[in-house]
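> Below is a structure I'd like to ask you about.
The values are calculated or read from the model by the stated rules, or taken from the named source; none is laboratory data. Predicted model only: the values in this text are computed from it and were never measured. Cβ: placed from backbone, ideal geometry, glycine included. Neighbour counts: every protein chain shown.
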Amino acid sequence: MLTHLDTQGRANMVDVTDKAVTSREATAESRVRMRPETLRMIVDGAHPKGDVFAVARIAGIQAAKKTSDLIPLCHPLMLASVKVELEAEGENCVRIVARCKLAGQTGVEMEALTAASVAALTLYDMCKAVDRGMTIENVRLLEKRGGASGHYVSAAAEPQGPVPALAAPAEEPWMLLQSWLREAQCDKGAAMVLATADDFGHPHCRVVSLGGLDEQGLLFYSDQCSEKGQDLVINPWAAVVFHWPAAERQLRIEGRVEWLGARSAEDSPPVYRQRDEAPSLLPNWGHYRLLPGRMEFWQGLPGQRYERLDFRKEANGWQPLPTMP
């Protein structure tokens, strides 16, 4: 039954007066395919118009709020949340995911679809001068919750067997770690959360820059006289966390930290440093290595489900741990 048609077949706005106010959510996606060099320009921040992803994200959010102005029979809605995420996918594609939420009497599928569509159009508009052959593909609803029709998950959103990224051999979590960092384009200078603890067991967390990987572990830089430097003298155990919201992934690594020696602060790629700011030279600056002893891989799935792998390094190599909810 087409609810936007009356008994005489004429278009009309659906009357939702008697519908209950419930929590409603919708997730939609779109993709923009382009030349590899165009994607590299976007990811490297080399576009003359500025941050392409940031502008497209704002456009998508604004479009969701204006959906009723664009689609004739949509109800004006008081949206509680609109999130638009963009990420590079492969070497020639950008995936856009839009999520809308509200407490109301009608769903937010059209708002999510509009956000994903306009974000894609904005990306095209910003890059058309260098790549007019871009295509916008696969604009579709992935999931919706709430309302009389209940929960819907599209076939595109349903996992088709095991998540490929979690299909690594149990004895090779280090290879899986490298794969995830590579897929997230997480190289030297990427942000990660580092957690240390003092001699009372009080935890301290902060965002630091990944200094790179070597054959034994993850590198990062710090001043030995800093809080984390002092923590590591007393308690040389730490954890780092990477979080990629758009991919619904989290990577947690725990292990012992060792001091590798003094280095210039110029070697450290700060997360928030302005490009034209000269690096400071600190007398106690140097680099550390976190030797992984435990690694946990968390992958979100549709329908508030997830898949998780947990490994601990034993004398005979990496061993899988039982996972709890």
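> Determine which member of the set ARG10, ARG35 is modelled with pLDDT under 85, out of contact with any Lys or Arg (no Cβ under 8 Å at 6 or more places or on another chain) and on the phi < 0 side of the Ramachandran plot. Break it down stepwise before answering.
Values: ARG35 fails: modelled with pLDDT under 85.
Just a single option satisfies the conditions, and that option is ARG10.
> Might you let me know whether the range 66-77 holds any residue that is under 30 Å from ALA184 (Cβ atoms), in contact with a helix residue (DSSP H, G or I) (Cβ under 9 Å, 6 or more places away or on another chain) and of a type in the set (Lys, Arg)? Show your work before the answer.
Keep residues of the range 66-77 that are under 30 Å from ALA184 (Cβ atoms), which gives none.
No, the conditions are met nowhere in the range 66-77.
> While we're on this one: Just to be sure before I move on: is ALA148 over 13 Å from ALA26 (Cβ atoms), modelled with pLDDT under 95 and not aromatic (Phe, Trp, Tyr) in the structure I sent? Give the steps one after another, and end with the answer.
Working: over 13 Å from ALA26 (Cβ atoms): yes; modelled with pLDDT under 95: yes; not aromatic (Phe, Trp, Tyr): yes.
Yes, satisfied.
> Looking only at residues that are more than 21 Å from the chain's Cα centre (by Cα) and part of a helix (DSSP H, G or I) in the range 122-145, which one is nearest to GLU25 (Cα to Cα)?
My answer is TYR124.
> From the residues in the range 212-248 that are among the charged types (D, E, K, R) and buried (at least 20 other Cβ atoms within 10 Å of the Cβ), which one is farthest from GLU89 (Cα to Cα)? Spell out the reasoning first.
Our first condition is that a residue be among the charged types (D, E, K, R); within the range 212-248, this holds for 214-215, 223, 227-228, 231, 248.
Add one more test, that the residue is buried (at least 20 other Cβ atoms within 10 Å of the Cβ), and what stays is 228, 231.
Numbers: LYS228: 35, ASP231: 39 Å.
The extreme case among them is ASP231.
> Of all residues in the range 89-99, which are assigned to a strand (DSSP E or B) and of a type outside the set (Asp, Glu)? Walk me through it before giving the result.
Going through the range 89-99, the residues assigned to a strand (DSSP E or B) turn out to be 89, 93-99.
Correct list: CYS93, VAL94, ARG95, ILE96, VAL97, ALA98, ARG99.
> Among the residues of the range 178-197, which ones are more than 14 Å from VAL257 (Cα to Cα) and modelled with pLDDT of 90 or more? Show your work before the answer.
Initially, the range 178-197 is screened for residues more than 14 Å from VAL257 (Cα to Cα), giving 178-193.
Selection gives MET192, VAL193.
> Further, regarding this structure: Any idea which of LEU86, LEU113, LEU102 is part of a strand (DSSP E or B), out of contact with any Cys (no Cβ under 8 Å at 6 or more places or on another chain) and either without any contact (Cβ under 8 Å) to a residue 12 or more places away in the chain or farther than 27 Å from MET41 by Cβ (or both)? Before you say what the answer is, go through the steps one by one.
Numbers: LEU86 fails: either without any contact (Cβ under 8 Å) to a residue 12 or more places away in the chain or farther than 27 Å from MET41 by Cβ (or both); LEU113 fails: part of a strand (DSSP E or B).
From the options LEU86, LEU113, LEU102, the qualifying one is LEU102.
> Take the residues in the range 210-240 that are touching a residue at least 60 places away in the same chain (Cβ under 8 Å) and either outside any strand (DSSP E or B) or of a type in the set (Lys, Arg) (or both); name whichever of them is nearest to ARG289 (Cα to Cα).
The residue in question is GLY217.
> Select, from VAL271, VAL233, VAL208, VAL240, the only residue that is modelled with pLDDT of 95 or more and out of contact with any Pro (no Cβ under 8 Å at 6 or more places or on another chain). Break it down stepwise before answering.
On the way: VAL271 fails: modelled with pLDDT of 95 or more; VAL233 fails: modelled with pLDDT of 95 or more; VAL208 fails: modelled with pLDDT of 95 or more.
Going through VAL271, VAL233, VAL208, VAL240 in turn, the sole match is VAL240.
> Taking GLU91, is it touching a helix residue (DSSP H, G or I) at 6+ places or on another chain (Cβ under 7 Å), assigned by the TED database to the domain that holds ASP44 and crowded, with 19+ Cβ neighbours inside 10 Å? Spell out how you get there, then give the answer.
Working: touching a helix residue (DSSP H, G or I) at 6+ places or on another chain (Cβ under 7 Å): yes; assigned by the TED database to the domain that holds ASP44: yes; crowded, with 19+ Cβ neighbours inside 10 Å: no.
Answer is no for this residue.
> Hey, among the residues in the range 67-120 that are more than 23 Å from ALA246 (Cβ to Cβ) and among the β-branched types (Val, Ile, Thr), which one's modelled with the highest pLDDT?
ILE71
> To continue, here is another question. Return the pairs, sorted by first residue and then second, in which the second residue is surrounded by 13 or more Cβ atoms within 10 Å (Cβ to Cβ), the first residue lies in the range 196-209 and is assigned to a loop (DSSP other than H, G, I, E, B), the beta carbons are less than 6 Å apart, and the residues are 6+ apart or on different chains.
Within 6 Å, the pairs are ASP198/ASP231.
> Here's a follow-up. Yes or no: VAL55 buried (at least 23 other Cβ atoms within 10 Å of the Cβ) and at pLDDT 95 or above?
Working: buried (at least 23 other Cβ atoms within 10 Å of the Cβ): no; at pLDDT 95 or above: yes.
For VAL55, the condition - buried (at least 23 other Cβ atoms within 10 Å of the Cβ) and at pLDDT 95 or above - is not met.
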